[in-house]
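Peer 1: Structure below; questions to follow.
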Amino acid sequence: MSTDKNTKQVDLELRQFIKNLGYIAGGTALLTTVPWLQSFTTDKLSEIKNEKARVAILGTGSRGQYHIMNLLRIPHAEIVALCDNYPPNLKTASDLCPKAKTYTDYRKMLESKDIDGVIICTPLNWHAPMVLDSLAAGKHTFCEKSMALTMDECKAIYEAYLRTDRVLYFGMQRLFDEKYIKGLSLIHSGLIGDIVGIRCHWFRNNDWRRPVPSPELERKINWRLYWESSGGLTTELATHQLEVSNWAMKRIPESVVGMGDIVFWKDGREVYDSISLTYHYRNGVKTTYESLISNKFNGLGEQVLGHKGTMELEKGQYFFEDVAPAPGILQLINNVEKRVFSTVPIAGPSWVPETASKQKPHYVIEGMVHTTAGGSMVGAENDGSDNLISAFCQAVITGEKAKDIVEECYSSTMLCLLGNQAMKEQRKVDFPDEYKIPYLKF
Amino acid sequence: MKDIIIPVQRQKKELRILLICFACSFLLNIAAIIIYKTSWAEVITQLGYVFIIALAFYVLIAIIRLIIYLISTLFKKRK
């Protein structure tokens, strides 16, 4: 693995941001609301600076390669192994880190004593078996979202997590995105008042397909399109936004209704290309979720609607409901102009200054805020993924288990799977008692 | 090219007119604050617009004075 010593530590900005959060809050009070960040500090970084987490990448497709690029910039990480049963992906990954040992059978890889942590970036149907095997092999484990393909698998992972002393992380990168951390803390401080609704959407315009060299590889490479290996738009996209919704509400919905269809990409796929879901919280608040992949006009976003204002988390901006009126002198000029010139035909635009009330955005973070239109099928830049992976590598070295990350992923994955059930069965689905865990607050 | 000399009296006259224009636009701002019930902070915050309106009044008055001057010159010539 090569490291560029001139490359800035990937997560320094967030660690400094967390330090500042602590100071502003007068201590750790604020950090208790984001417990998974409590050990993600500059002090902890200096403690581990001479150590490296020896990690293996299990699944070296697009997302695996995305993580490789992040890991190469993390000084406390070393990629020692790669595993994939699709040779072209394994070759590409190996070219990126030539010193890493390659495997085609992940069980063989898990036997290696030279691996401390495993990063799983495989199709969804492989998440549960690989996570369970990895934990059983004594490896610290990171698995991409969503947690698993079925509710039973999610429950099995959660129960294994309770028993193990190994670190377990999931790819919920918004938990490590400064924009979301700050935005949610502002929401919880009452900035926009009581939350009265949440709107989430993710629109793209592509068929979600990868090139397939031969027909028998269709279901292997385009696993996202088939129910046997994928939860469709919910588990691939909605999981992040439902997690944010729960984070804002500090509770999870009790029930869901929805509809899903294939409206445009009628190419033999099984999963829906257009979904619309409504999740209902006990206090009456609803999160609406809409996603389709044949129109990208609206991009992606989460709008938290409060009775005093609106927070657009992805854009890192918020608006207040009450807008100050235009200055009196401008209103006077505007009215005089209307009365004097309304019957006089004058060509061209009015010279009168604009007096219409406009809602001006306020920004969660001053300066440049990274936003994404959500079109990438690999991953956005600076969306918290690099910080999350860095935190995992730190945890591999220290052995410190993450707080609430597993529970957050469990909650959002369950909601995705319940959404799929609601769409397939065309009925309202309640959160089943047998899958409730103590962390969940309804 | 000759030097243009503006007598002190003329300067004072123009300044007085400008001050009157400023006073009028200042009072206009006050009136707008009362009519539209906006914040009294606008007495200060909208000074920019007050200056612009004062200048506009001054220009308007200058145009009217010019017209009057031209008309009176025309009458004098006819006599």
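Peer 1: Based on this model, can you work out whether residue A:128 counts as in contact with an Asp or Glu (Cβ under 8 Å, 6 or more places away or on another chain), at pLDDT 95 or above, open to solvent by less than 10 Å² (accessible area, probe 1.4 Å) and farther than 22 Å from residue A:53 by Cα?
Peer 2: Working: in contact with an Asp or Glu (Cβ under 8 Å, 6 or more places away or on another chain): yes; at pLDDT 95 or above: yes; open to solvent by less than 10 Å² (accessible area, probe 1.4 Å): yes; farther than 22 Å from residue A:53 by Cα: yes.
In short, yes.
Peer 1: Another question, if that's okay. Within the set of pairs 6 or more residues apart or between chains, which connect a residue that is without any contact (Cβ under 8 Å) to a residue 12 or more places away in the chain and more than 7 Å from every other protein chain (Cβ to nearest Cβ) inside the stretch B:23-44 to a residue that is among the hydrophobic types (A, V, I, L, M, F, W, C) and exposed (fewer than 13 other Cβ atoms within 10 Å of the Cβ) with Cβ atoms less than 9 Å apart?
Peer 2: The qualifying pairs are B:39/A:324.
Peer 1: Quick one: residue A:242 ticks every box in (1) part of a helix (DSSP H, G or I); (2) farther than 20 Å from residue A:427 by Cα bar one, so which box is it?
Peer 2: Answer for residue A:242: the failing condition is (2).
Peer 1: Moving on to the next point. Would you say residue A:260 is open to solvent by less than 50 Å² (accessible area, probe 1.4 Å), on the phi > 0 side of the Ramachandran plot and either of a type in the set (A, V, I, L, M) or in contact (Cβ under 8 Å) with a residue 12 or more places away in the chain (or both)? Please lay out each step first, then the result.
Peer 2: Working: open to solvent by less than 50 Å² (accessible area, probe 1.4 Å): yes; on the phi > 0 side of the Ramachandran plot: no; either of a type in the set (A, V, I, L, M) or in contact (Cβ under 8 Å) with a residue 12 or more places away in the chain (or both): yes.
Answer is no for this residue.
Peer 1: Across the stretch A:388-435, which residue is surrounded by the most Cβ atoms within 10 Å (Cβ to Cβ) among those that are among the acidic types (Asp, Glu) and closer than 18 Å to residue A:147 by Cβ?
Peer 2: The qualifying residue surrounded by the most Cβ atoms within 10 Å (Cβ to Cβ) is A:408.
Peer 1: Testing residue A:157 on (1) farther than 16 Å from residue A:33 by Cβ; (2) open to solvent by 10 Å² or more (accessible area, probe 1.4 Å); (3) modelled with pLDDT of 95 or more; (4) aliphatic (A, V, I, L, M), one condition comes back false. Which one is that?
Peer 2: Status for residue A:157: all satisfied but (2).
Yes/no per residue for (1) at pLDDT below 65; (2) crowded, with 17+ Cβ neighbours inside 10 Å:
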position: A:9; (1), (2): yes, no
position: A:15; (1), (2): no, yes
position: A:21; (1), (2): yes, yes
position: A:26; (1), (2): yes, no
position: A:34; (1), (2): no, yes
position: A:40; (1), (2): no, yes
position: A:49; (1), (2): no, no
position: A:53; (1), (2): no, yes
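Peer 1: Open to solvent by 30 Å² or more (accessible area, probe 1.4 Å) and within 24 Å of residue A:272 (Cα to Cα) - does that describe any residue in the stretch A:313-320?
Peer 2: Checked against the condition, which is being open to solvent by 30 Å² or more (accessible area, probe 1.4 Å) and within 24 Å of residue A:272 (Cα to Cα), the stretch A:313-320 yields no hits at all.
Conditions (1) more than 29 Å from residue A:334 (Cα to Cα); (2) open to solvent by less than 70 Å² (accessible area, probe 1.4 Å); (3) within 13 Å of another protein chain (Cβ to nearest Cβ), marked per residue:
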{"position": "B:2", "(1), (2), (3)": "yes, no, no"}
{"position": "B:6", "(1), (2), (3)": "yes, no, no"}
{"position": "B:17", "(1), (2), (3)": "no, yes, no"}
{"position": "B:48", "(1), (2), (3)": "no, yes, yes"}
{"position": "B:52", "(1), (2), (3)": "no, no, yes"}
{"position": "B:56", "(1), (2), (3)": "no, yes, yes"}
{"position": "B:67", "(1), (2), (3)": "no, no, no"}
{"position": "B:78", "(1), (2), (3)": "yes, no, no"}
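The values are calculated or read from the model by the stated rules, or taken from the named source; none is laboratory data. Keep in mind that what you see is a predicted model, and the values were worked out from it rather than measured. Glycine also receives a Cβ, built like all others from the backbone with ideal geometry; neighbour counts cover every protein chain displayed. Just the protein is used for accessible areas: all its heavy atoms, side chains included, with ligands, DNA and RNA removed. Shrake-Rupley method; radii C 1.70, N 1.55, O 1.52, S 1.80 Å.
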